[in-house]
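Engineer: I am attaching a structure below and will ask some questions about it afterwards.
The values are calculated or read from the model by the stated rules, or taken from the named source; none is laboratory data. None of the values given here were measured: they were computed from a predicted structure. Cβ: placed from backbone, ideal geometry, glycine included. Neighbour counts: every protein chain shown. We work out accessible area using only protein heavy atoms, side chains counted, and drop any ligands, DNA or RNA first. Shrake-Rupley method; radii C 1.70, N 1.55, O 1.52, S 1.80 Å.
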Amino acid sequence: MRVVHLAAEALPFVKVGGLADVLGSLPRALAKAGLQTTVVLPRYTGAGAVGELLGELGYHFAGGTHNARIWGAQAGGVSYRFLEVDPDWSVPYEQPEVERYLRFNRAAAVWLEGQGYDLLHAHDWHAAHAVRLVDRPAVFTIHNLAFQGVLEPDEYQRLTGSAPDPDLLHEGRVNLMKGALLAARRVTTVSPRYAREIQTPEYGMGLHRVLGDIRGKLAGILNGLDTGYWNPATDSLLPQRYDAANLERRSGNRAALLDETGLDPNLRLLGAVTRLTWQKGFDLVLEALPGLLDLGAGLVLLGTGEIELESGFAAAARRYPERVAFHAAFDEILAHKIYGGADYFLMPSRYEPCGLAQMIAMRYGAPPVARATGGLADTIEDGVTGVLFEPASPAGVVEGVRRMLELDRESLARAGMARDFSWDSSARAYQELYQEAVS
Ligand code: ADP
């Protein structure tokens, strides 16, 4: 089968967030399984000189005819095509983003007409419109439901030259994601539990009814980890490498982490590596802090985001210098040291489509304490590889940590390290879904 992925970002070329990780790993896993795999991205001029120039392509957009330059590269068994539709487009999500991604989808659809392929796999709203423009079967994946690609109908008409079809309209505006949800043969999101949750008003971001209507073609498939990169046995960013056979070596990382952060060695050490946004629930942790410290826990937190949270945790670290450490930065090295050195990993997300951090933590022997939502609930086995708690409240966080501290840390760590978080089984699930979509 020949599959073309369409997305806004993909490693190893351009990364803003987790979407790039998925588009870096999944196509490779599919290529390894024998599928002919191509990834099509916009060419962002700020992402450096990628690929070699293959040719040009004419397409219609916004009342005119334009030329896109096509660039190509090859990596890990996957073919990459970069469509240069706007020489001033420097990075993903740069404004005017809706116009730019619509233009990219238009050019991609024209390019696809000349290609032999069996299936289009489009990711998030940035690739949604192409699902409606191509004449082959398409699969659409929701990675982030919060962003749907919304524009006014008259703007849509100006850019595409036609009035929006009723399938595109949602609450009086054009919603590109909704268009793809209706047009795709199959729709997926990144965990089975999240696939159910998004059909409810609480999690559906305004699209819960549409998602409920299409539930017959909606499935959840978990993301995998890049287990070559995230491997405590070979991780060169760790002071001490280890695996399940010599787990005692992990204590060297714990000692180094305590040394670096100045925390008290007698603490039960909770680690966290996160964006500090409402989604991730760290406002609850801030409120829960006195209760957590009462339990004998301490916290090392690495993260950036909302200013009130950053200043709240900075103040807590000043107030409890031996029990709370906070680094307001994006720091790949410290992240590895936390996964490889903390006793536990805290992830109290309000919602979590899949989540990678809890899988990394399990693989590194730091059992997660997490909210029972989305991919957290699908990847953590309560009482076996970690602890899941229900209420999104400070009391819920304290109760989760309290339960965790009563369990045997090492058995949980070993159970988590023994789990398979690779892409292999998810790649198989996508393959089956592709077969259904084309038949
Ligand atoms: P999301 O994609 O919603 O932010 P995930 O758990 O899926 O959450 O993925 C987050 C990834 O980003 C993990 O690999 C985590 O280690 C990394 N990360 C998040 N914040 C930081 C930070 N401040 N420094 C280093 N890595 C970070």
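Engineer: At q = 0.14, 0.25 Å⁻¹, what is the base-10 log of I(q)/I(0) for the range 306-384 according to the Debye formula with one equal point scatterer per Cα and no solvent? Please give it to two decimals.
Structural biologist: The computed values of log10 I(q)/I(0) come out as -0.54, -1.21.
Engineer: If you build the Cα gyration tensor of the range 1-42 and take the root of 5 times each eigenvalue, what three semi-axes come out, in whole angstrom, biggest first?
Structural biologist: Ellipsoid half-lengths, sorted descending, are 18, 11, 6 Å.
Engineer: Could you list log10 I(q)/I(0) for the range 182-246 at q = 0.14, 0.22, 0.23, 0.24 Å⁻¹, which the Debye formula gives when each Cα is one point scatterer?
Structural biologist: The computed values of log10 I(q)/I(0) come out as -0.57, -0.84, -0.90, -0.96.
Engineer: Sticking with this structure for a sec: Pop out the ³J(HN,Hα) list for the range 125-130 in order, Karplus 6.51 cos²θ - 1.76 cosθ + 1.60 with θ = phi - 60°, rounded to Hz; leave Gly and Pro as x.
Structural biologist: Ordered by residue, 3J(HN,Hα) equals 4, 5, 10, 5, 5, 4 Hz.
Engineer: What residues of the range 24-38 lie in the reach of a label at Q431, counting those whose backbone N is under 12 Å from a point 7 Å from the Cα along Cα→Cβ?
Structural biologist: 29-36
Engineer: Related question: Looking at the calculated P(r) for the chain, what percent of the C-alpha pair distances fall above 43 Å? Provide the component values of the computation, followed by the final result.
Structural biologist: Details: 16093 of 96141 pairs.
Of the Cα pairs, 17 percent sit more than 43 Å apart.
Engineer: Suppose each label sits 7 Å from its Cα in the direction of the beta carbon; what would the N246-R69 distance come out to in nanometres?
Structural biologist: 5.1
Engineer: Looking at the P(r) of the range 22-121, how many percent of alpha-carbon pairs lie beyond 19 Å?
Structural biologist: Beyond 19 Å sits 45 percent of the P(r) for the range 22-121.
Engineer: Please work out the ratio of the alpha-carbon Rg of the range 244-417 to 2.2 N^0.38 Å and round it to two decimals.
Structural biologist: Its radius of gyration relative to the 2.2 N^0.38 Å reference: 0.92.
Engineer: Here is a follow-up. Helix-only mean residue ellipticity at 222 nm, the chain, DSSP H runs n ≥ 4 weighted -39,500 (n - 2.57), per residue, nearest 500. What is it?
Structural biologist: -11000 deg cm²/dmol
Engineer: Next up: What part of the accessible area of the chain, given as a whole %, is carbon or sulfur when the probe is 1.4 angstrom?
Structural biologist: 48
Engineer: Could you tell me how many degrees, from 0 to 90 and to the nearest 10, lie between the Cα long axis of helix 250-261 and the main elongation axis, the longest principal axis, of the Cα atoms of the chain?
Structural biologist: That helix lies at roughly 90 degrees to the long axis.
Engineer: How big is Rg to Rh over the range 255-305, alpha-carbon atoms, Rh as the Kirkwood inverse-mean-distance radius? Don't skip to the answer; put the middle values down first.
Structural biologist: Details: Rg = 11.7 Å, Rh = 11.8 Å.
Radius of gyration relative to Kirkwood radius: 0.99.
Engineer: Which of L376, L269, L405 moves the most in a Gaussian network model of the chain with Cα springs under 10 Å?
Structural biologist: L405
Engineer: Give me the 1.4 Å probe accessible area per residue for the range 244-417, excluding ligands and nucleic acids, in Å².
Structural biologist: Using a 1.4 Å probe on heavy atoms only, each residue of the range 244-417 averages 37 Å².
Engineer: Taking the chain as the reference, fit the longest principal axis to its C-alpha atoms, fit the long axis of helix 394-406 to the helix C-alpha atoms, and give the angle between the two in degrees, 0 to 90, nearest 10.
Structural biologist: Here the helix axis deviates by roughly 60 degrees.
Engineer: Let me cross-check D88: its accessible surface, 1.4 Å probe, with only protein heavy atoms counted, in Å² to the nearest 10?
Structural biologist: Answer for D88: close to 120 Å² accessible.
Engineer: Here's a follow-up. In whole Hz and in residue order, list the ³J(HN,Hα) couplings for the range 9-18 that follow from phi through the Karplus curve 6.51 cos²θ - 1.76 cosθ + 1.60, θ = phi - 60°; x for Gly and Pro.
Structural biologist: Per-residue couplings from phi come out as 8, 7, 6, x, 9, 8, 9, 10, x, x Hz.
Engineer: Can I ask one more? Specify the inter-centroid distance of the range 326-368 and the range 107-146, based on alpha-carbon positions, in whole Å.
Structural biologist: When both Cα centres are located, 33 Å separates them.
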